[in-house]
Amino acid sequence: MSQDRTIQGVAVSPGLAIGPVHVVQADTAEVPTWTVAENEVAGEIDRLAAAVKTASQELEKRQLEVARVSDKKDAEIFAVHRMILQDPSSLRRVEEQIVQEGINAESAVQSLITRFEALADVSDPWRHVLDALLARDREEVASSEQRVVLAAQELTPKVMTFLERERILGVITEAGGRFSHGAVLARAFGIPCVVGVPNLLARLEQNLLVTVDGDRGAVQLRPDQEQIDELLEIKKQREARRDALRTIGELPAETPDGRRLELQVNIESVRDIQTFEIAHTDGVGLFRTEFLYMERPQFPSEEEQYRLYRRVLREMKGLPTTMRTLDIGADKPLPYFKTPTEPNPALGWRGIRITLEWRDFLYSQLRAFLRASIHGNLRILLPMVTSLEEIREVHEVFDSVRTELLQQGYEVAADIPVGVMIEVPSMLIALETVIDHVDFVSVGTNDLVQYILAADRDNRWVSRLYDPQHPAVMLALQRVARVAGEAGHPSAVCGDLAGDPAMAVLLHGMGYDSVSVAPHFVADIKYAIRKIPWAEARELADEALRQSVSRGVNDVIARIRARLYDDAAAGVQPDSPTPRA
Ligand code: PEP
Ligand code: MG
């Protein structure tokens, strides 16, 4: 195996992929750079020429429009900009850079803009060329039928939704945390993903053939036939194992000594419901509704929301369906709602903090939820809650929405449980004082871990410190199950940690009633829960809770894995959502 072409990154979402790469610009402020093979340089120069032409046409359009609504003088600047684009010396400079450095046109144009940053008259027109290149690139790949491996600087939700998910074979990035929202989406979509691949973009060319091993965190550039065959063989074995597991699909997640774990799924859109067997689950434990809002160009009306929620509730056929109120902010912006640029977004304006301040968001979403409630078994979940006051405020809005709807002649379900996410340490520490004010709790470990350990889930510099197996995390998890259990309220974990079968065994042993995971992991978790008696799971949980270092917790988890898979069908280790350290 040729080592030079295999790069080690961090495994984020399991599975194997082989395909041509497409480099994505993750953010308008970021221009992707990739190398261009010698035989593709001419094509790159053509792309540049086409973009210059598009930019000139765009400038002419603006000139005419401004002349129409204002006066000719105001429009002159666009004519000047068009002339600047026709200046052969700048164009030559960009072309030379493409040829000499073997880089893409966007990158060469960006370096011209940087050079003339201070001279707006030169740099501005070239920004139009850059826009044209980036838009064209997006249009070209979006309109082709090609399935691709996406490559990007950062693993953001935007990258994960760059193309329809059926067309994304895999995702590889230079940066990005294992529990970032982009990573959560990769697992939810079942797309193999590797992050933390050093110097990735500089080593890539558009359309370069790559393989992605999301279990081992490996990326191969230009794999040879032998490497492809090897990968296809592993893929076959894993699929065989998955088929073997399917036979337990209809059985409940119940231990051999008869304790049942409620096994629910996390979804991000209405279409996710088509991706799993509803009857093989105990409902939806987390519907991240923000992705409905993020996918569209403007805020959805109450009516649109109502129809979507009604559809989800109907399709779930009476099973509990937990819808979370809008959890935007930090790396989940809405394109049409400008949030401030914050120095510390993870500690900033997010989740319930936004919707309590901008009450219209909460109000219209609750109206839509409550109107849809008669079509199924709705539960409402509140994200990023920090205090009892926030819960009380939401209840006030909830009550007034209910009264108003009833007065307006709508029907509303009699009993709609309202629960909170345990994501902020204040909720964990003061749980006894809050628990009687909520109907259920669901632990968002993706966020809770970052706040307990003061390690941003999106920051690669501290990704080593972001450790879900830290003893403090174990103790926190146990505390929630215990306090909720003593108060007679159901407890769940819906963070990605629960998708690891060994961890699900521990959570069950700690006393959790339920876990909610990406649909993809349901069969593996059933297998694990059905294999280990609850009495044993409790002992294992106690042992994990006695550990003073992560290594100790990791050893317990490794033992559970060995116990689970020593005699597993096909003898192949399953995909794991929580990559091993
Ligand atoms: C979490 O924080 O664990 C969670 C489930 O919410 P999200 O990943 O959407 O922040
Ligand atoms: Mg969260």
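Quick look at the values:
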| read-out | value |
| --- | --- |
| Residue match in segment 505-514 (condition: in contact with a strand residue (DSSP E or B) (Cβ under 8 Å, 6 or more places away or on another chain), assigned to a strand (DSSP E or B) and open to solvent by less than 10 Å² (accessible area, probe 1.4 Å)) | yes |
| Residue list for segment 377-412, restricted to those being touching a residue at least 24 places away in the same chain (Cβ under 8 Å) and at positive phi | 384 |
| Tally, over segment 370-381, of residues that are within 15 Å of ligand 2 (Cβ to nearest atom) and open to solvent by 30 Å² or more (accessible area, probe 1.4 Å) | 0 |
| Listing of strands (runs of 3 or more DSSP E) fully contained in segment 111-216 that carry 1 or more residues being of a type in the set (Ser, Thr, Tyr) and either under 29 Å from residue 461 (Cα atoms) or at pLDDT 90 or above (or both) | 168-173, 209-213 |
| Residue 392 more than 16 Å from ligand 2 (Cβ to nearest atom), basic (Lys, Arg), more than 25 Å from residue 484 (Cα to Cα) and out of contact with any Lys or Arg (no Cβ under 8 Å at 6 or more places or on another chain) | no |
| Spans of helices (runs of 4 or more DSSP H) in segment 414-501 with at least 1 residues surrounded by 19 or more Cβ atoms within 10 Å (Cβ to Cβ) and within 15 Å of ligand 2 (Cβ to nearest atom) | 425-429, 445-453, 471-486 |
| Residue that is modelled with the lowest pLDDT [pool: residues in segment 447-465 that are under 11 Å from residue 346 (Cβ atoms) and within 14 Å of ligand 1 (Cβ to nearest atom)] | 458 |
| Unique residue being more than 16 Å from ligand 1 (Cβ to nearest atom) and touching a Gly at 6+ places or on another chain (Cβ under 6 Å) when the list is 552, 509, 495, 485 | 485 |
| Residue, farthest from ligand 1 (Cβ to nearest atom), within segment 324-381, restricted to residues that are of a type in the set (Lys, Arg) and in a loop (DSSP other than H, G, I, E, B) | 338 |
| First in segment 193-210 and within 13 Å of residue 6 (Cα to Cα), second anywhere and of a type in the set (Lys, Arg), Cβ under 7 Å, 6 or more apart | 209/222 |
| All positions within segment 139-164 that are of a type outside the set (A, V, I, L, M) and free of Cβ contacts under 8 Å to residues at least 40 places away in the same chain | 139, 140, 143, 144, 145, 164 |
| Candidate set from segment 97-149 (those that are crowded, with 21+ Cβ neighbours inside 10 Å and within 26 Å of the chain's Cα centre (by Cα)); member that is nearest to residue 167 (Cα to Cα) | 148 |
| So residue 38, is it within 23 Å of residue 208 (Cα to Cα), open to solvent by 40 Å² or more (accessible area, probe 1.4 Å), in contact with a Ser or Thr (Cβ under 9 Å, 6 or more places away or on another chain) and among the charged types (D, E, K, R) | no |
| Residues within segment 273-317 that are within 16 Å of ligand 1 (Cβ to nearest atom), part of a helix (DSSP H, G or I) and open to solvent by 30 Å² or more (accessible area, probe 1.4 Å), tallied | 1 |
| Test result for residue 404, out of contact with any Lys or Arg (no Cβ under 7 Å at 6 or more places or on another chain) and within 16 Å of ligand 2 (Cβ to nearest atom) | no |
| Residue, farthest from ligand 1 (Cβ to nearest atom), within segment 382-391, restricted to residues that are assigned to a loop (DSSP other than H, G, I, E, B) and open to solvent by 20 Å² or more (accessible area, probe 1.4 Å) | 387 |
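The values are calculated or read from the model by the stated rules, or taken from the named source; none is laboratory data. Keep in mind the model is a prediction, meaning the values are calculated, not measured. Virtual Cβ from ideal backbone geometry, glycine too; neighbours counted across all protein chains shown. The area values use the complete protein model at the heavy-atom level, side chains included, leaving out ligands, DNA and RNA. Shrake-Rupley method; radii C 1.70, N 1.55, O 1.52, S 1.80 Å.
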